[in-house]
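Read through the structure below, which is laid out as structure tokens, and then see the notes.
The values are calculated or read from the model by the stated rules, or taken from the named source; none is laboratory data. From a predicted model like this one, the values you see are computed outputs, not experimental measurements. Ideal geometry is used to build each Cβ from the backbone, glycine not excepted, and the neighbour counts take in all protein chains shown. Ligands, DNA and RNA are excluded from the accessible area calculation, which covers all protein heavy atoms including side chains. Shrake-Rupley method; radii C 1.70, N 1.55, O 1.52, S 1.80 Å.
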Amino acid sequence: MNRRTFLKMIGIGSLAFAPACSSEREKNIFSYVRAPEDMVTGEATWFASTCRECPAGCGIIAKNREGRVIKVEGNPLHPINMGNLCVRGQASVQGIFNPDRIKKPLLRRNDGWQVISFKEAEALLGEEIRKAAGRGQGKVHMITEVVGESLMALFRETLGKWGAEPPLVFEPFAFESLKAANKQVFGLDGIASYRMEKADFLLSFGADFLETWLSPVEYARKFKAMHALDNGKKGFFAQISPYQSLTCANADLWLPCHPNTEVVVGLGLIREALQLGKGKSLPADLKSALEELSSPYNKVEVTRRSGIDLGLYQRLISRLDRAMKPLVLGTSTSGCGEHTLRVNMIADLLNAILDPELSLLDLGRRHRVETAAKRFQVVAFFDKLQKQPGGVLLLNQVNPVYALPPKTGVAEVLKRDSLFTVSFSNFLDETTLRANLVFPVSLPMEGWDEYSGTSEIVSMVQPAMASLTGAPGLGDLFLRLSSGKDKEAATYQEYLYKRLASIGVTRGAEDWVHLLRQGGLFDDRTSGKPSPSWISGDGLRETLGSIPEILAEKLSLFATPSIRFYDGRGANRPWLCEVPDPLTRVAWQTPVWANPRTLREAGLRQGDVAKLQSAWGTIEAPVYETEAAGPGVLVMNVGQGHELFGRY
């Protein structure tokens, strides 16, 4: 027997032995009977689309093999992320193939669920809406995540036909204080973009722009450009905060302060900048008010009240004085603290003093998340539902039961027998669990839409694969529910085509194809930079006023958004659970950060389970010892601890 024959026999024996040892059922591989015209077996097809894992709206390209999306990457042509993509965007594929994804509509029957067809669910939903709309105005209500302008326009049109108000936009992190500060200081009712890449000095009061703040992939790219070595020089980044986030860990200078004392430091920096002769172009009454309000905050007073080392503070002032293009950012995504609005106003005022032309603030290019409602509006929405007679409540990809405090009573509102609640969700989360009808819809990579994370661009969402469950798109569903004799489009794809043509984005089929091939229209469509409407001196005195002595609490807890789970919407993705946190290197769990001194005083060691108790409730979690948290400061990411959200 020669060597080749021997190897053949061994190979045949192994192949025969393996199936005999397998206890699995027989599996067959079938080829396509009618394959798509553009599909070549074994070769991938890429589709340009937009990520919807957070409101930032990065461009993506999805890799399709044999009819299934298997990978996503950043779209290099997209102006927001330019080919980069965060960990949450990479994990979006797991939303499609998650084993806990709801495959058919579910109708509540007593204490259980009855599986029904999409046709039955649509008929039931249409009947409930017709009955509610027939009882008068304001009987149909809707709350939605941030969506694109096209889908929002369809929502408004459809709800108007039902005698209902436009939908309320809900985001757990709506950057309310930043938006309010811009309104008060500049007269800008929105959230501007920042030209961070053009700055040579960057100062942040906690803005976690490398993690979750506004558009983290975009600002990570801009920070890299600002911080890169160029002709022997590089930008300087300083952060003032009570704890060290991933963003702060990349700073050249960290000034750890006591909680809630950032406002004192900010007023001190305004005083120093004015004494250096800056801010001369400001309106006289505003400049006078700034001098008056900041005068008590000399270096000694600032360092005494904030706990910042005098040497570090002096170094910050020196760098600020030498900067040619300084940029100041406000507070973190979570916006913790009673002085958050004041700190964001101070950041805007510092930008006005240091850069009179506001050249590093793009007031015309706005972040889409600015459309989210304020927290008090969301609470008032559910209070109104609690007091009004019954009707129909539509929930689009929101989880307020998880995101809002229990005292807001959202869960109790959803339990009302007279309110028919419909959740357009693909997973049984805390809010969907309390719905009367669960109507899963196609995911972003399975359907048509338009979502632009910033104004002045158009970013497309197109199907990179057919719907895995056969669920319809939400746009198509709304068109069918509202259709009558004046039906404007047969499908949501047609609706998009006509709407984009009506606003001048496309002029025919050729433009439409070009739009889909590159992922959108990215030409600068700005109509000019809005002129700021400055706050008056009296208005500034009323808002900032005198800052009372800030008493140091024994313990202060900062609940921060997670770079992995954001506000909790990604907590059911195994990739996100198993990837270690960049700072703690802990996977699957969410520990509480604490300073070594804080742990010693509490008699705890790393890994011990601690109970955190406040007026809002109690939680238990393991502790993680780190110098990244100041003494008396506890830090914990939000996003886990779900009541129900699948096996992961």
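Answer with yes or no whether Ser334 is closer than 22 Å to Leu125 by Cα, open to solvent by less than 50 Å² (accessible area, probe 1.4 Å) and touching a Ser or Thr at 6+ places or on another chain (Cβ under 8 Å).
No, not satisfied.
Scan the stretch 402-429 for residues that are surrounded by fewer than 20 Cβ atoms within 10 Å (Cβ to Cβ) and either touching a Ser or Thr at 6+ places or on another chain (Cβ under 6 Å) or over 22 Å from Leu474 (Cβ atoms) (or both) and jot them down.
Across the stretch 402-429, the qualifying residues are Leu404, Pro405, Pro406, Lys407, Thr408, Gly409, Ala411, Glu412, Lys415, Arg416, Asp417, Ser418.
Considering the stretch 132-150 alone, what residues qualify as being outside any loop (DSSP other than H, G, I, E, B) and open to solvent by less than 10 Å² (accessible area, probe 1.4 Å)?
Matches in the stretch 132-150: Ala132, Val140, Met142, Ile143, Thr144, Ser150.
Can you name every residue in the stretch 382-401 that is in contact with a helix residue (DSSP H, G or I) (Cβ under 7 Å, 6 or more places away or on another chain) and either open to solvent by 60 Å² or more (accessible area, probe 1.4 Å) or in a helix (DSSP H, G or I) (or both)?
Of everything in the stretch 382-401, those that are in contact with a helix residue (DSSP H, G or I) (Cβ under 7 Å, 6 or more places away or on another chain) and either open to solvent by 60 Å² or more (accessible area, probe 1.4 Å) or in a helix (DSSP H, G or I) (or both) turn out to be Phe382, Leu385, Gln386, Pro400, Val401.
Restricting to the stretch 508-528, name every residue that is modelled with pLDDT of 90 or more and of a type outside the set (Phe, Trp, Tyr).
Residues satisfying the conditions are Ala509, Glu510, Asp511, Val513, His514, Leu515, Leu516, Arg517, Gln518, Gly519, Gly520, Leu521.
Given the conditions (1) closer than 19 Å to Pro79 by Cα; (2) free of Cβ contacts under 8 Å to residues at least 12 places away in the same chain; (3) outside any helix (DSSP H, G or I), report the number of the one that Ser531 does not fulfil.
(1) is the only condition that Ser531 fails.
Which pairs have Cβ atoms under 7 Å, sit 6 or more apart or on different chains, and link a residue in the stretch 559-572 that is within 8 Å of Arg88 (Cα to Cα) to one that is of a type in the set (S, T, N, Q) and surrounded by fewer than 22 Cβ atoms within 10 Å (Cβ to Cβ)?
Phe565/Gln640
Please specify each residue of the stretch 578-595 satisfying the condition of being more than 17 Å from Ala621 (Cα to Cα) and either of a type in the set (Val, Ile, Thr) or assigned to a strand (DSSP E or B) (or both).
Across the stretch 578-595, the qualifying residue is only Val579.
Pick from Ser215, Ser288, Ser204: which is surrounded by fewer than 24 Cβ atoms within 10 Å (Cβ to Cβ) and in contact (Cβ under 8 Å) with a residue 12 or more places away in the chain?
Details: Ser215 fails: surrounded by fewer than 24 Cβ atoms within 10 Å (Cβ to Cβ); Ser204 fails: surrounded by fewer than 24 Cβ atoms within 10 Å (Cβ to Cβ).
From the options Ser215, Ser288, Ser204, the qualifying one is Ser288.
Looking at (1) part of a helix (DSSP H, G or I); (2) on the phi > 0 side of the Ramachandran plot, can you tell me which one Gly187 breaks?
Gly187 satisfies all of (1) part of a helix (DSSP H, G or I); (2) on the phi > 0 side of the Ramachandran plot except (1).
Determine whether Lys103 is charged (D, E, K, R) and within 21 Å of Tyr492 (Cα to Cα).
No: the conditions fail for Lys103.
Name the pairs whose Cβ atoms lie under 7 Å apart, with the first residue in the stretch 633-646 and farther than 15 Å from Thr584 by Cβ and of a type outside the set (A, V, I, L, M), the second at pLDDT 90 or above and in a strand (DSSP E or B), and 6 or more positions between them or separate chains?
That search, which allows pairs on different chains as well, returns nothing.
For Asn351, state whether it is more than 23 Å from the chain's Cα centre (by Cα), in contact (Cβ under 8 Å) with a residue 12 or more places away in the chain and not in a loop (DSSP other than H, G, I, E, B).
Values: more than 23 Å from the chain's Cα centre (by Cα): yes; in contact (Cβ under 8 Å) with a residue 12 or more places away in the chain: yes; not in a loop (DSSP other than H, G, I, E, B): yes.
Yes.
Looking at Arg541, Arg499, which one is part of a helix (DSSP H, G or I), basic (Lys, Arg) and under 22 Å from Ala289 (Cα atoms)?
Arg541
Please go through the stretch 191-226 and give me each residue that is over 17 Å from Leu320 (Cα atoms) and part of a strand (DSSP E or B), ordered by number.
Ala192, Ser193, Tyr194
Does the stretch 511-524 hold any residues that are of a type in the set (D, E, K, R) and more than 29 Å from the chain's Cα centre (by Cα), and which are they?
Matches in the stretch 511-524: Asp511 only.
Quick one: count up the residues across the stretch 492-510 that are open to solvent by 60 Å² or more (accessible area, probe 1.4 Å) and more than 27 Å from the chain's Cα centre (by Cα).
Pass one, the stretch 492-510, residues open to solvent by 60 Å² or more (accessible area, probe 1.4 Å): 493-494, 497-498, 502-503, 507, 509-510.
Right, trim to more than 27 Å from the chain's Cα centre (by Cα) and you get 494, 497-498, 502-503, 507, 509-510.
Looking only at that region, the number is 8.
Which members of the stretch 450-481 meet the condition of being closer than 27 Å to Val401 by Cα, open to solvent by 10 Å² or more (accessible area, probe 1.4 Å) and in contact with a strand residue (DSSP E or B) (Cβ under 8 Å, 6 or more places away or on another chain)?
Gly473, Leu474
If you go through the stretch 596-607 one residue at a time, do you hit one that is over 30 Å from Val93 (Cβ atoms) and assigned to a strand (DSSP E or B)? Step through it out loud before you land on a result.
Of all residues in the stretch 596-607, those over 30 Å from Val93 (Cβ atoms) come to 596-607.
Checking which are assigned to a strand (DSSP E or B) leaves us with none.
Looking through the stretch 596-607, none of the residues is over 30 Å from Val93 (Cβ atoms) and assigned to a strand (DSSP E or B).
Just give me the residues in the stretch 99-123 being touching a residue at least 60 places away in the same chain (Cβ under 8 Å), under 11 Å from Phe439 (Cα atoms) and out of contact with any helix residue (DSSP H, G or I) (no Cβ under 6 Å at 6 or more places or on another chain), in sequence order.
Our first condition is that a residue be touching a residue at least 60 places away in the same chain (Cβ under 8 Å); within the stretch 99-123, this holds for 99-108, 113, 118, 121-122.
From the residues that got through so far, the ones that are under 11 Å from Phe439 (Cα atoms) too are 102-107, 118, 121-122.
Of everything in the stretch 99-123, those that are touching a residue at least 60 places away in the same chain (Cβ under 8 Å), under 11 Å from Phe439 (Cα atoms) and out of contact with any helix residue (DSSP H, G or I) (no Cβ under 6 Å at 6 or more places or on another chain) turn out to be Ile102, Lys103, Lys104, Leu106, Leu107, Phe118, Ala121, Glu122.
So, in the stretch 595-625, of the ones that are buried (at least 17 other Cβ atoms within 10 Å of the Cβ) and under 27 Å from the mean Cα position of the chain (by Cα), which residue ends up farthest from Cys257 (Cα to Cα)?
Ala621
Of the conditions (1) outside any loop (DSSP other than H, G, I, E, B); (2) more than 26 Å from Glu450 (Cα to Cα); (3) small (Gly, Ala, Ser), Ser423 clears all except one; give me its number.
(2)
For the stretch 426-451, which residues satisfy the criterion of being more than 21 Å from Thr491 (Cα to Cα) and in a loop (DSSP other than H, G, I, E, B)?
Asn426, Phe427, Leu428, Asp429, Glu430, Thr431, Ala435, Asn436, listed by residue number.
Restricting the search to the stretch 357-375, which residues are closer than 22 Å to Phe170 by Cα and either of a type in the set (Gly, Ala, Ser) or outside any loop (DSSP other than H, G, I, E, B) (or both)?
As a first pass, look at the stretch 357-375 and keep what is closer than 22 Å to Phe170 by Cα: 365-375.
Across the stretch 357-375, the qualifying residues are Arg365, Arg366, His367, Arg368, Val369, Glu370, Thr371, Ala372, Ala373, Arg375.
Can you find a residue in the stretch 98-105 that is acidic (Asp, Glu) and under 18 Å from Ala571 (Cα atoms)? Steps first, please.
From the stretch 98-105, those acidic (Asp, Glu) are 100; that's our starting set.
When the remaining residues are screened for being under 18 Å from Ala571 (Cα atoms), the result is 100.
Yes, the stretch 98-105 contains at least one residue that is acidic (Asp, Glu) and under 18 Å from Ala571 (Cα atoms).
Answer yes or no: is there a residue in the stretch 228-236 that is polar (S, T, N, Q) and under 21 Å from the mean Cα position of the chain (by Cα). Step through it out loud before you land on a result.
Here is the first cut: in the stretch 228-236, the ones polar (S, T, N, Q) are 231.
Still in the running and under 21 Å from the mean Cα position of the chain (by Cα): none.
No, the stretch 228-236 has no match at all.
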